[in-house]
1. Could we say that A:Ile308 is crowded, with 23+ Cβ neighbours inside 10 Å and of a type outside the set (Gly, Ala, Ser) here?
2. When you check A:Asp69 against the structure, is it without any contact (Cβ under 8 Å) to a residue 40 or more places away in the chain and farther than 24 Å from B:Ala315 by Cα, yes or no?
3. Yes or no: B:Thr166 more than 10 Å from every other protein chain (Cβ to nearest Cβ), in contact with a Phe, Trp or Tyr (Cβ under 9 Å, 6 or more places away or on another chain), surrounded by 17 or more Cβ atoms within 10 Å (Cβ to Cβ) and within 26 Å of B:Trp319 (Cβ to Cβ)?
4. Within segment B:196-231, how many residues are at the interface with chain A (Cβ under 10 Å from one of its Cβ atoms), part of a loop (DSSP other than H, G, I, E, B) and β-branched (Val, Ile, Thr)?
5. Just a yes or no: is a residue in segment B:118-139 at the interface with chain A (Cβ under 10 Å from one of its Cβ atoms), in contact with a strand residue (DSSP E or B) (Cβ under 6 Å, 6 or more places away or on another chain) and either closer than 18 Å to A:Phe323 by Cβ or among the charged types (D, E, K, R) (or both)?
6. Kindly establish whether B:Asn152 is more than 7 Å from every other protein chain (Cβ to nearest Cβ) and at pLDDT below 95.
7. Give the residues of segment B:48-88 that are of a type in the set (D, E, K, R) and under 20 Å from B:Ala170 (Cα atoms), sorted by residue number.
8. Say we look at segment A:185-195 and pick out the residues that are outside any loop (DSSP other than H, G, I, E, B) and of a type in the set (D, E, K, R); which of these is surrounded by the most Cβ atoms within 10 Å (Cβ to Cβ)?
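The values are calculated or read from the model by the stated rules, or taken from the named source; none is laboratory data. Since this is a predicted model, take the numbers as computed values, not measurements. Glycine also receives a Cβ, built like all others from the backbone with ideal geometry; neighbour counts cover every protein chain displayed.
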Protein chains: 2
Amino acid sequence: MPELRHDPIQRRWVIIATERGRRPDDYPRQEESLPGGFCPFCEGNESKTPPEITAIRRDSTGPNQPGWDVRVVPNKYPALRIEGNLDRKGLGLFDRMNGVGAHEIIIETPQHDLNLADASVEQIQKVLRIYRARLQDLLRDLRFKYVLIFKNHGASAGASLSHPHTQIIATPVTPLTLASELNSAKEHYLDKDRCLYCDIIQQELESGERIVVSDDHFIVLTPFASCFPFEIFLAPRNHSHSFAEISDDMLPRLAMALKEVLSRLKKCLNDPAYNFLIHTIPNTKSRPRRANYWETIELDFHWHIELIPRLTRIAGFEWGTGFYINPTAPEEAAKYLREVEL
Amino acid sequence: MPELRHDPIQRRWVIIATERGRRPDDYPRQEESLPGGFCPFCEGNESKTPPEITAIRRDSTGPNQPGWDVRVVPNKYPALRIEGNLDRKGLGLFDRMNGVGAHEIIIETPQHDLNLADASVEQIQKVLRIYRARLQDLLRDLRFKYVLIFKNHGASAGASLSHPHTQIIATPVTPLTLASELNSAKEHYLDKDRCLYCDIIQQELESGERIVVSDDHFIVLTPFASCFPFEIFLAPRNHSHSFAEISDDMLPRLAMALKEVLSRLKKCLNDPAYNFLIHTIPNTKSRPRRANYWETIELDFHWHIELIPRLTRIAGFEWGTGFYINPTAPEEAAKYLREVEL
């Protein structure tokens, strides 16, 4: 019997089509490949990107020179523009504003073919430190309500260059999915004086069946109402509302957890395309949506990473309805991922 | 300057990346093809599908025989099962229920290679009549809260067989996107005593810039805050809440409007893959979500069809945030579609 499951965060029902019971081998690898040839992200080609915003450098080399470990540049084809005012305007029933925002690229390594799963913990830690630094910096701009940090790995995940990179988009609005999460978390907190995510983590630790890996600091699990096969949720074990405030001590722990889950996914599913996205609180310094909204946000929201391997196609049905059919139960996915030998 | 636009129905912001300004030719046709060989939906192969539920037959042929124009069969690999009780259950913070529902296939024509855009108005009318009949029938089952009618055309839209067909899924919950629409429409009605969709249609007719085609009965337009390039909205001009109640007089009108927009899309974008979905009211006979919810539904909701050509890939970013980047402004898309010579 298939099962319907409810996601208490997105308040969305998902069909877990257990009868189909697709195993890792049942997901054929999508053979689309990315264009080869000249790569503007490789070391030595610094002049082919817009001037760098920041970098972690090995030696005392200057900006836009070789010698870097992680490098941040503006997106050459930005979805949003950094210059200008928001210029909000109503048009009858509709509303518009200027597309003001930031769109940056974090080049994760000078090595063109390095899979993030195979990078050293030290290298991943440098990438995470840059995430934090860019997030902190962009949050100083009061025009931006939200800063999205996300990675597309592989052509079928939407990557257009194969050199490992992450994108950052700072937006003048809080994206809908994040707003729903924030609302669910806030309502739960106002009801119960507890964080919804802490409660879920506690329940998952007690059951254990959806845990992929966990230690004293981070937990990696497959959500109860996963929309996609092998969907992953990674969060700090202890309550923490903002990725911008992650401590130096926690960075190597997070790098280890991330490397472990990426390595397990790579081995289990033959290096699948994937997307990940950091969910953190909106910019509390920007104009609040309503009074008191921010009052409890440090207590009610819990930052986390959502990772979706791109194993199935998102059909229009699923996009158009917000109703997903997942052919691998998350308990099965977690079991496969736990059993991978690294 | 890119522009942010707000969708008053989904309450979602969209980036209209006008600077990218992609024209129809800028969307390369995705060359994925569907498997050839034996087709269980072709005339003569009736024994290869589960026994038919209903059909429109040319002659007095019996069920599961050749001689049909449109044929409805259960999905051989259903996402939901028709048998059983809902068996709702809480699991700590989570909720589950049995995957009870219906999953049917409407085979739109006996002709394997007939593109719906090229079918006769009479044939399309028969397909629409079957949609209505199945919707009416499934709404009698009080276990079902919603009946989804949707079509995937082309491999990149999620179709797994190329013989033209539509799917129907009856679900024991109202899908999230539909629930949001219903809520927006209800709040607008409670505020203003007018239908939100009627208001939008009126505003769009006055502006004209996003209209693709319209007559006295149906309007086809590209929504102001389209998430996808060449996204289409088709609705009756006059208020009407349920596709199940469409009159016999309106069926040929709708068939004409649908044929026209499908033909324009096919010509303009070189037969793109697409999905369409009928948005109608939930099953008012099933257990209501809350008291008074249904009281004004016939006044506040307006049935319509949403059609999304699959020209770009839905990246994880867009799925994960509910925040879309559309590289073709809807005014441009409408202009291209209007200018197609049929």
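1. So A:Ile308 passes the test.
2. For A:Asp69, the condition - without any contact (Cβ under 8 Å) to a residue 40 or more places away in the chain and farther than 24 Å from B:Ala315 by Cα - is not met.
3. Considered against the rule, which asks whether it is more than 10 Å from every other protein chain (Cβ to nearest Cβ), in contact with a Phe, Trp or Tyr (Cβ under 9 Å, 6 or more places away or on another chain), surrounded by 17 or more Cβ atoms within 10 Å (Cβ to Cβ) and within 26 Å of B:Trp319 (Cβ to Cβ), B:Thr166 comes out as yes.
4. 0
5. no
6. For B:Asn152, the condition - more than 7 Å from every other protein chain (Cβ to nearest Cβ) and at pLDDT below 95 - is not met.
7. B:Glu52, B:Arg71, B:Lys76, B:Arg81, B:Glu83, B:Asp87, B:Arg88
8. A:Lys186
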